Amino acid sequence: MSKRHLFPSLEGLVPKALRGIVASNPRLNLDETNRVVFDSESPRSIVSIISGGGSGHEPAWSGYVGSNMLAASVAGDVFASPSTKQILAAIEAVPSDKGTLLVITNYTGDCLHFGLAAEKTKARGHPCRMLICGDDVSIGKAGGSLVGRRGLAAQIAVLKVLGAAAAQGASLDELYDFGTAFADQIVSIATTLDHCHVPGRTEHGALDEDEVEIGTGPHNEPGYRKLSPAPSPEALVKQILTYCLDEKDPERGYVNFSPGDETVLVVSNFGGMSNLEMGGLVDELLQQLLADWNIQPSRVYAGCLETSLNAPAFSVSVINISSAAANSTYSLDQVKAFLDVRTDTAWEAVAGSQSNPQRRPRADQIVQPPVEEKKVIDDTEDLKIDAAVLESMLRSACAEVIAAEPDLTKWDTVMGDGDCGLTLETGAKALLEAVDSRQVAARGSVVEVLVELEDIVEGKMGGTLGGILGIFFVSLRTAVQENNGLAQTEGTTAVWGKALATAIAHLSHYTPAKVGDRTVMDTLIPFANAMKSGQTFEESVAAAVRGSEATKMLKPRLGRATYVGVGADSSKELPPDPGAWGAMVAIRGLLSGV
């Protein structure tokens, strides 16, 4: 697997790529600050469909913005979900009188950030629903009992039919129900010859020359199993189709295929497969589908639908569109018509040729988001401490988080997609910049610092950890404002105890994680409980340290770590949970700065 790249670093690459992507379609605009690509001609009279996720999967999702498909897309950092703030900017960019449907793949970070954006949108009085798509059969029903099936490239077919239905006037609820019925009839699995290489990173996880990995994810996650020696193409395809179509498999019999059912075959190139081999793969799939399963797909879509940078890998999906129609209000002919409706998006690369209309001037396509007004903090709702101490605590915490980044990245690469360390480092550097350039600690205002942290997390920190911290800091800031009066009667510790307990309770509405699940909650909950019980700050920090240390002995129960890397093998020694450790380092750093 080549580690060479035209761009040797990810620095600035995502916005640069988005500028290049919108150049090919004169309908598209780019909110570069929020990494939102949107259709400048999206009508208010139809439901706005929005999707998105981490970068590195292009053309997903910016490539699917246009007529009869997405109204907007939003891009996070490479392999990390976009932030809540970014998603809200996408929703505001394409207002609709009929509501907004967010359609995402089933990854924890995406679910958290898009879910919070949906809740905020509904709270503002705008109809909004969220559809979560999961089609991967490799995890199995037992392994995915809590997290569900993760999403692969067949979600693009869901976006295609929903976009066409929306253009014909379907309501928000009709689209949600149809999308659910369609997504439920998909089975998929991915296979890789090697993992992708992320520009600027040293971890790679290369496979041996005579290995193939089956059940891989699109974020460099290790697969369900390694096959060594590598099977022949014919034997590999046989295994792939058996995993997808064997209805007697108690772990993977997700979809029933009856004689005469019409189906769709979707084959996505992860970015590193040659077109020559992709053609051969599609041919072998079609041969075995007919010979072994009596299935003749009525539609075949093959190409780079959702990639994983330069990975020499692919995913295979089979969709039972007869059952999808039977479980929806649309006929089979209507479902096929939705698939056939032309767009001006990257979908046409797998469905047929498209024209290339005259480009618009770049200045017309690159737009700036509205400037947000600075939040005014009421002194009666603020909590003040010595400004010099506050600044010292923040600088110490940020410095320790930045120093821990290499270890956090290494551990998260073993357990997941490797974004935890960089996510926390991004937040720490942004907070230091705010301390230096805007003097956010100069007044000794705790609420001002928490507001700054909210903005940093929502605007710059994607991924699962960013989603959890975003909800946590919003709740913590609100609770500090509501309980700051306790400082006069019971002391500052009482304010923090009450506020932290409230924030943890609110966070429980969005994640089922508890102590013992090997997540960031193994640090946050013991810390909050200690503060709530009246223990000193030093004692509470010690509780956080013990909680993070304990994750070395815990088997993952939630998130990607439940089915990838050493987390899926209980016989191997585990590193500490990166999120729990990173949170502990930050909390311990606050104490060091006192």
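The values are calculated or read from the model by the stated rules, or taken from the named source; none is laboratory data. None of these values were measured; they are calculated from a predicted model. Note that we place each Cβ from the backbone using ideal geometry, even for glycine, and neighbour counts take in every protein chain shown. Heavy atoms of the whole protein, side chains included, go into the accessibility calculation; ligands, DNA and RNA do not. Shrake-Rupley method; radii C 1.70, N 1.55, O 1.52, S 1.80 Å.
Once the 1.4 Å probe is applied to the protein heavy atoms, the chain comes out at 40 Å² accessible per residue. For region 206-336, the fraction of 1.4 Å probe accessible surface lying on carbon and sulfur atoms is 49 percent.
Computed over region 1-90, the convex hull of the alpha-carbon atoms projects to a mean area of 6.3 nm². Calculated FRET efficiency, Glu11 to Asp249, Cβ-Cβ distance, R0 = 60 Å: about 0.85 to the nearest 0.05.
Going by accessible surface with a 1.4 Å probe and the largest first, Ser171, Ser48 read Ser171, Ser48. Computed over region 405-495, relative contact order equals 21 percent, with contacts defined as Cα pairs under 8 Å that lie 6+ residues apart.
Treating the angle as unsigned and between 0 and 90°, give the value, to the nearest 10°, between the Cα long axis of helix 275-293 and the longest Cα principal axis of the chain. The angle comes out near 70 degrees. Within the straight-line cut-off of under 25 Å between alpha carbons, the lysines reachable from Lys98 are Lys85, Lys120, Lys122, Lys160, Lys336, sequence neighbours fewer than 8 places apart in one chain being disregarded.
Largest first, the residues Lys532, Lys552 sort by 1.4 Å accessible area into Lys532, Lys552. As an exercise, find the ratio Rg/Rh for region 370-430 from alpha-carbon atoms, using the Kirkwood inverse-distance average for Rh. Rg divided by Rh gives 1.17. Taking all protein chains as they are arranged and a probe of 1.4 Å, the heavy atoms of Ser392 leave approximately 50 Å² accessible to solvent.
Figure legend: label point modelled 7 angstrom from the Cα of Val376 along Cα→Cβ; residues of region 447-485 with amide N under 17 Å from it are 448.
To the nearest 10 square angstrom, what accessible area does Trp496 show with a 1.4 Å probe? In the full protein context, Trp496 sits at about 60 Å². Dimensions of region 276-342 based on its C-alpha atoms, expressed as ranges along the principal axes with the largest first, amount to 39, 31, 19 Å. Over 40 Å apart: what share of the alpha carbon pairs of the chain falls there, rounded to a whole percent? For the chain, the share of Cα pairs beyond 40 Å comes to 27 percent.
Where both bridge residues fall in the chain, DSSP classifies roughly 55% of the beta bridges as antiparallel.
Rank these residues by their accessible area, most exposed first, probe 1.4 Å: Lys160, Lys336, Lys120, Lys16. Spell out each step's value before the answer.
Details: Lys160 0, Lys336 35, Lys120 60, Lys16 100 Å².
Final ranking, largest accessible area leading: Lys16, Lys120, Lys336, Lys160.
Evaluated on region 144-262, the Kirkwood hydrodynamic radius is 16.9 Å, with distances taken between all distinct Cα atoms. Non-local lysine pairs in region 362-518, meaning eight or more places apart or on different chains, with alpha-carbon distances under 23 Å, amount to 11. Taking a straight Cα-Cα cut-off under 21 Å and skipping sequence neighbours fewer than 8 places away in the same chain, the lysines within cross-link reach of Lys248 are Lys141, Lys238.
What is the extension gain from Ala505 to Ala123, computed as 0.36 nm multiplied by their sequence separation minus the C-alpha to C-alpha distance, in nm to one decimal?
Working: separation 382, 0.36 × 382 = 137.52 nm, distance 1.98 nm.
Additional length available on full extension: 135.5 nm.
What does the convex hull of the Cα atoms of region 339-476 come to per residue, in Å³, rounded to a whole number? Write out the running numbers ahead of the final one.
Working: hull volume 27.8 nm³, N = 138.
About 201 Å³ per residue, rounded to a whole number.
If you build the Cα gyration tensor of region 420-522 and take the root of 5 times each eigenvalue, what three semi-axes come out, in whole angstrom, biggest first? It would help to have the intermediate numbers written out before the result.
Working: eigenvalues 100, 90, 19 Å².
They are 22, 21, 10 Å, listed largest first.
Karplus-based coupling profile of region 42-58, in residue order and whole Hz: 5, x, 6, 7, 10, 4, 7, 9, 10, 9, x, x, x, 6, x, 9, 3, with θ = phi - 60° in 6.51 cos²θ - 1.76 cosθ + 1.60 and x standing for Gly or Pro. For the pair region 140-169 / region 1-66, the C-alpha centres are spaced 20 Å from each other.
Value of Rg to Rh for region 194-241, rounded to two decimals, is 1.01; Kirkwood radius and Rg both from alpha-carbon coordinates. The fraction of all Cα pairs in region 14-62 landing in successive 5 Å bins from 0 to the largest distance is 5, 19, 31, 26, 13, 5, 1, given as whole percents. Using just the C-alpha positions of region 211-313 as equal point scatterers, what log10 of I(q)/I(0) does the Debye formula give at each q in 0.21 1/Å? Listed by q, the Debye log ratios stand at -1.36. Ser298 contributes about 40 Å² of solvent-accessible surface, heavy atoms of the protein only, 1.4 Å probe. Normalised by 2.2 N^0.38 Å, where N is the number of residues, the C-alpha radius of gyration of region 455-510 stands at 1.23. Semi-axes of the equivalent ellipsoid for region 243-368, computed as √(5λ) from the eigenvalues of its C-alpha gyration tensor and ordered from largest down, come to 31, 20, 14 Å. Distances longer than 18 Å among the Cα atoms of region 444-594: what percent of all pairs is that? In whole percent, the long-distance tail amounts to 59.
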